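See structure below.
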Amino acid sequence: MGKRHPNPRLAKIHRNYTVDEVASLYSIHRNTVREWIKRGLPTSDDRRPMLILGRDLLAFLQARRMRNKRPCQAGEIYCVRCRVPRAPAGNMADYSAITETTGNLVAICPDCQTIIYRRVSLARLDQICGDLDIAFPQALRHIDDSANLSVNRDFR
């Protein structure tokens, strides 16, 4: 079974590949490689067997991967359902700590109303948040930390 996103680094830049060699290198079907050629993967010439230069294969797969990237700008969080970066509804997000130095920005997508997340470093939070209003929810206090003890507490 083939992979949806083949690793471009498997191709050696100083080597020539046939269609069958590319197919076996990435565990994909030969027709997939032929489709890549129709979509712009250059071959060395029009003769048979078609030879594909390793550096051309590498460049083609990297360009194909980069074309699908959707980087988030400052103040944006990627919505998985909409498949685009969006500014959260009301320009508000909550910071949910995971460790001492990292956490998630949690917000609501303005279009589809789903919860969206963005992993952030606490050190880079100012660069990433842009003009967002970030709330830092406080943890709930434990009952043992309370000055007013419960009447149901066992004093033994």
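What number of residues within the stretch 76-89 are surrounded by fewer than 16 Cβ atoms within 10 Å (Cβ to Cβ) and either free of Cβ contacts under 8 Å to residues at least 12 places away in the same chain or part of a loop (DSSP other than H, G, I, E, B) (or both)?
Adding up the residues that qualify gives 4.
Does the stretch 46-92 hold any residues that are small (Gly, Ala, Ser) and more than 21 Å from residue 118 (Cα to Cα), and which are they?
From the stretch 46-92, those small (Gly, Ala, Ser) are 54, 59, 63, 74-75, 87, 89-90; that's our starting set.
The answer is 54, 59, 63.
Quick one: count up the residues across the stretch 29-55 that are in a helix (DSSP H, G or I) and aliphatic (A, V, I, L, M).
Total satisfying the criteria: 2.
When residues of the stretch 31-58 are filtered for being free of Cβ contacts under 8 Å to residues at least 40 places away in the same chain, more than 17 Å from residue 5 (Cβ to Cβ) and under 29 Å from the mean Cα position of the chain (by Cα), how many remain?
7
Report yes if residue 20 is modelled with pLDDT of 90 or more, surrounded by 15 or more Cβ atoms within 10 Å (Cβ to Cβ), charged (D, E, K, R) and more than 18 Å from the chain's Cα centre (by Cα), otherwise no.
Numbers: modelled with pLDDT of 90 or more: yes; surrounded by 15 or more Cβ atoms within 10 Å (Cβ to Cβ): no; charged (D, E, K, R): yes; more than 18 Å from the chain's Cα centre (by Cα): yes.
Judged against the criteria, residue 20 is not a match.
Take the stretch 98-131 and flag every residue that is among the aliphatic types (A, V, I, L, M) and without any contact (Cβ under 8 Å) to a residue 40 or more places away in the chain.
Correct list: 98, 105, 106, 107, 108, 115, 116, 120, 122, 123, 125.
Restricting attention to the stretch 11-21, which residues are in a helix (DSSP H, G or I) and either more than 20 Å from residue 63 (Cβ to Cβ) or not assigned by TED's automatic domain parsing to the domain that holds residue 45 (or both)? Please lay out each step first, then the result.
Going through the stretch 11-21, the residues in a helix (DSSP H, G or I) turn out to be 19-21.
Those that are in a helix (DSSP H, G or I) and either more than 20 Å from residue 63 (Cβ to Cβ) or not assigned by TED's automatic domain parsing to the domain that holds residue 45 (or both): 20, 21.
The values are calculated or read from the model by the stated rules, or taken from the named source; none is laboratory data. Bear in mind the structure is a predicted one, so any value in this text is a computation, not a measurement. Here Cβ is always computed from backbone atoms with ideal geometry, including for glycine, and neighbour counts include all displayed protein chains.
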